[in-house]
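Worksheet: one structure, shown below.
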Amino acid sequence: MTAGLRDRVIAGFGANSFGMALSIAIQLASLPLFLAVWDLHTYGVWLMISAVPAYLAMADAGMVTAAGNRMTMALGAGRVDEARRVFHSAQAFVLVVGGAVALLLLPLLLWAPWPLAASLDLRLALAALVLGVLLAFVGGLCDQWFRSTHRYAQGTMLGHAARLAEWAGGIAGLFLHGSFAAVAAGMLAGRLAGTLLSMALARSGCALLDWGLASADRRCVRELLRPAAGFLAFPMANALSLQGVTLAVGALLGPAAVAVFNTYRTLARIAIQASGLFSHALWPEFSRLHGEGATVALARLAWRASGGTALLALLLGVALYLAAPALLQVWTRGEIGFDATVFALLMAYAFVGGAWNVPRVLLMATNEHLRLALWALGAALACVALSALLAGTHGLAGAAVGMLVTELALALVCGVLAWRGFAPRPPARLQEVAP
């Protein structure tokens, strides 16, 4: 690993770590701040309406991420014109999709009769939230611009700054006016300010790309549809497995068991999230090396990083297992006890999930992830079915075994796919003299 690459990965890891800390801080601070102005019922209504537009985040169908990979690979190979064409095509796609969503949804939200938004306050809030999600698509384009031009850490930090500005704007609206519309408008204003800053810095820091549609190409969009569909499959599979198992446990074992299981799983998944901080910092480097045709360097970096993240997941898993009794006592105020067997199984699941993070990112960063995405959807369905079957006979331990088995199977599939495409190979000179 060269000094420049190492510095970029370390900076990216730091930016991702800051983002994780920011998410935790926002989650901890939001509840008391909202309850200082609203009662529990009002806050519950806000949570329901703010969750609805979040589903629009998948409206770009993974196109922005697929385009970012292609841009990074093209710039790595010195093909600036291709990168510009891909970027303009992605902008055109976002403009068409975002415009269509706005034209269809905003009139419905503002004027159509439906019971959830009986008041003008709720309607305006939902409209502002939808606009905020659509504005985030532009932020995603900025992020890919930074990612493809050796500025992953800067782009990531600006994305976190936009998220912080969005949250702070919502809190300002809460205390200044206290209505749903005021909170949503404050969030929209904060998101707009952060996005405009990102757009300006992206352009001023690198003139290889530009904002515009002059080079947009329909064929380029069609070529990106397959990898884009793969990116869309991953959050679907993740939501299906996590929420599906939750529903299965609730149906078979009751709400109390759900509270225990989800609390354990939340703690266990810290190991997965921590390994993801490192592997996602490698994402643009994988794309760039692949575009350069540096296959030996790419394979060496990927498989060394795989060992490092597996070790990190293992060490975190052991630490979390040892600290879990005390953490549960403090976090749940003694309401949820420690079941060593169930927690150990979930930590094994988290170790496996963390260990295959780098091969997964390797496939995703090079747009070679479509087959893995299909396997992920199948594994999510199998996870729900197997966890439900085993939970019926072995309780929470059975549900944990179902998650562990399917996660292990998916990790093996990912490892095989990554090895076939990016196995370490000797340099060309050694291959020539080999018998």
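Taken together, the values in this text are just the output of simple stated rules run on the coordinates, not laboratory data. Treat the numbers as computed from the prediction; the structure is a model and nothing was measured. Cβ placement follows ideal geometry from the backbone for every residue including glycine, while neighbour counts extend to all protein chains displayed.
Observations on the structure shown:
- Taking other C-beta atoms within 10 angstrom as a stand-in for reagent exposure, ASP210, ASP81 fall in the order ASP81, ASP210, fewest first.
- Top of VAL352, VAL52, VAL86 by mean-square fluctuation, Gaussian network on the chain, Cα under 10 Å: VAL52
- A Förster radius of 25 Å, combined with the Cβ-Cβ distance separating ALA297 from ARG79, puts the computed FRET efficiency at roughly 0.85.
- Applying the Karplus relation 6.51 cos²θ - 1.76 cosθ + 1.60 with θ = phi - 60° to the stretch 234-250 yields 3J(HN,Hα) values of 5, x, 5, 5, 5, 5, 5, 5, 5, 6, x, 5, 4, 5, 5, 4, x Hz, where x marks Gly and Pro.
- Charging the Cβ of each Asp and Glu at -1 and of each Lys and Arg at +1, and nothing else, the dipole of the chain about its Cα centre rounds to 900 debye.
- The listed peptides 216-225, 274-283, ordered by packing as a protection proxy, come out as 274-283, 216-225 (highest mean of other Cβ atoms within 10 Å first).
- Net length available on complete extension from LEU197 to LEU103 is 31.2 nm, with 0.36 nm assigned per residue and the Cα-Cα distance removed.
- Among LEU327, ALA21, PRO113 - extreme Cα towards positive end, dipole of the chain, charges at beta-carbon: ALA21
- For ILE336, no residue 5 or more places off, or on another chain, has a built amide H under 5 Å of its own.
- J(HN,Hα) series, the stretch 341-356, from Karplus relation 6.51 cos²θ - 1.76 cosθ + 1.60, nearest Hz, glycine and proline x: 5, 4, 5, 4, 5, 5, 5, 5, 4, 5, 4, 4, x, x, 5, 9
- Sorted on the mean count of surrounding Cβ atoms within 10 Å across their residues, most packed first, peptides 190-200, 64-74 read 64-74, 190-200.
- Put in line by how crowded their Cβ is, counting other Cβ atoms within 10 Å and starting with the fewest, THR263, THR366, THR42, THR393 read THR393, THR42, THR263, THR366.
- Cα-centre dipole for the stretch 222-420 with unit charges at Cβ (Lys and Arg positive, Asp and Glu negative), debye to 20: 280
- Neighbour counts of other Cβ atoms within 10 Å put HIS160, HIS41 in the fewest-to-most order HIS41, HIS160.
- Helices in the chain, meaning DSSP H runs of at least 4 residues, each add -39500 (n - 2.57). Divided by all residues, the mean residue ellipticity at 222 nm is -29500 deg cm²/dmol.
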